Amino acid sequence: MQNQNITFLGCGNMGTSLISGLIANGVPTSSLFGIDPDENQRHRAESRYGIRTAAGIAEGVPDADVVVLAVKPQTVMAVLAEVKAPLQSKRPLILSIAAGIRSGTINNALGGAWPVVRAMPNTPALLGCGATGLYAATDVSADQRRTALHIMQSVGVAVWLDDESQLDAVTAVSGSGPAYFFLFVELLEKIAAEMGLTPEQARLLSVETALGAARMLKEAGEDATTLRHRVTSPGGTTEKALQAFKEGGLEQLLRRALAACRDRSVELAQQAD
C-alpha cells in the first residue's frame, strides 16, 4: 500500500475524506494525486493535504496503481470514456464510490476484464467514522482486495459483500441511514420544544442522547435488544413510549422505508446500465 500510486478522479467531499484518512494512516502525500476540473476543489486538496493535482486526466492516470472513481454518478460514463485509453498500459484497480453504477457497467466502459471494486460509503466518512459495503468483481486480485479494504477502512469500518445486489441493501441501511437518524433527532428536538424546553436545551439533550446511545451500542459489548431492555423498566415511562411506537407500526414503517430506498437504488442502477 505504501508504494502504490493512488489517483482520485474527483476531489469533492468524499474524495478528500479518503485522502485525509489515507494520510492519517501513513500513506505519503507523494503517492496521492487528485484530478478535478474545479479549480476550487483542486486548491482545497493541495492546500489542506499537500497532494499534487491537475485539471486534466492525462497527468495523474497513467502511473496509477489504483484509481478512485469519486465523481457524481451522472458523469461517470463521460469520465470513463476519457480515461479508457490512458489506463490501458497499467490497467489499475478501479475503486468506485459512485452510487448506483454497477461494476459491470464500469468494466464494459473500460473494455472488459478489468479489476473493479464498488464501495458504498456514507457521509460520516467525512468525520472518519463511516460505514462502507464493498463488492469485488471477478478480475480483482487478493492484493487488490486488501488495497481497497485499506483505503475504505481509512475513514471507518468496511465489510465485504458476496453479491453486488447486496449493495442496494447497504444503501438502504447505512448509505441513506444517517438521514433516518437526523430525522429522528430533528423530531425529538421539535417535540421537546413543544413540551416547553428551549430550542437550545432540546437540541443539546437530543444530540447528546443520540451520541451516548450510539457509543453504548459500539462500546458496551451488548446488542441493541439487551441495551433497550436495560433502559425499559416494567410499567415505567420508557415502556409507555416504546408501546406507543409499537402501536403506531414503527417496525412496519421502517420496513417500507428501507424497501423503498433499496428499490430506488436498483432502479438507478438499471437506468445507468
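Looking only at the range 34-64, which residues have a backbone nitrogen under 19 Å from a spot 7 Å from the Cα of Lys84 in the C-beta direction? From the range 34-64, the list is 57-59, 61-62.
In this rough spin-label picture, where each label sits 7 Å from Cα along the Cβ direction, the Met77-Phe184 distance is 3.9 nm.
The relative contact order of the chain, computed from alpha carbon pairs under 8 Å that lie at least 6 residues apart in sequence, is 14 percent.
With 0.36 nm allotted per residue and the present C-alpha distance subtracted, the Ser30-Ile191 stretch has 52.9 nm of extension available. Once all protein chains are placed together, Tyr49 keeps about 50 Å² accessible to a 1.4 angstrom probe.
Computing semi-axes √(5λ) of the Cα gyration tensor in Å directly from the structure and comparing it against (i) 28, 27, 16; (ii) 40, 21, 17; (iii) 32, 21, 19 singles out (ii). Pop the C-beta distance of Glu222 and Glu164 into the FRET formula with R0 = 22 Å and round what comes out to the nearest 0.05. Using R0 = 22 Å, I get an efficiency of 0.10.
Given a Förster radius of 25 Å and the C-beta distance between Thr232 and Thr123 as r, what FRET efficiency does 1/(1 + (r/R0)^6) yield to the nearest 0.05? Rounded to the nearest 0.05, the efficiency is 0.20.
Between Thr198, Ala257, Leu183, the Cα set farthest toward the positive side of the dipole of the range 178-273 (charges on each charged residue's Cβ, about the Cα centre) is that of Ala257. Cα-based values for the range 1-102, radius of gyration first and Dmax second, are 12.4, 33 Å. Charges were assigned to the Cβ only: +1 to each Lys and Arg, -1 to each Asp and Glu. The resulting dipole of the chain about its Cα centre is roughly 140 debye. For the range 36-86 and the range 118-152, what is the separation of their C-alpha centers, rounded to whole Å? Cα centroid of the range 36-86 versus Cα centroid of the range 118-152: 18 Å apart. A P(r) calculated from all alpha carbon pairs of the range 52-178, with 10 Å bins opening at zero, reads 13, 46, 34, 7, 0 percent.
Its Cα centre serving as origin, the range 8-167 has a Cβ charge dipole (Lys and Arg +1, Asp and Glu -1) of approximately 80 debye. Simple point charges give the picture: +1 on the Cβ of Lys and Arg, -1 on the Cβ of Asp and Glu, and for the range 91-199 a dipole about the Cα centre of about 340 debye. Taking the DSSP bridge list for the range 82-166 and keeping only pairs wholly inside it, about 35 percent are antiparallel. Working note: 222 nm ellipticity from helices only, DSSP H runs with n ≥ 4, each -39,500 (n - 2.57), summed and divided by the residues of the chain, gives -16500 deg cm²/dmol to the nearest 500. Take the Cα of Arg215, step 7 Å toward its Cβ, do the same at Arg146, and the gap between the two points is 3.6 nm. Projecting label points 7 angstrom from Cα along Cα→Cβ for Arg52 and Thr138 puts them 3.7 nm apart.
The values are calculated or read from the model by the stated rules, or taken from the named source; none is laboratory data. Bear in mind that the values here come from a model prediction, so they are computed numbers and not experimental data. A quick note on method: Cβ atoms are made from the backbone with ideal geometry, for glycine too, and the neighbour counts reach across all protein chains shown. Side chains included, ligands, DNA and RNA excluded: accessible areas come from the protein's heavy atoms. Shrake-Rupley method; radii C 1.70, N 1.55, O 1.52, S 1.80 Å.
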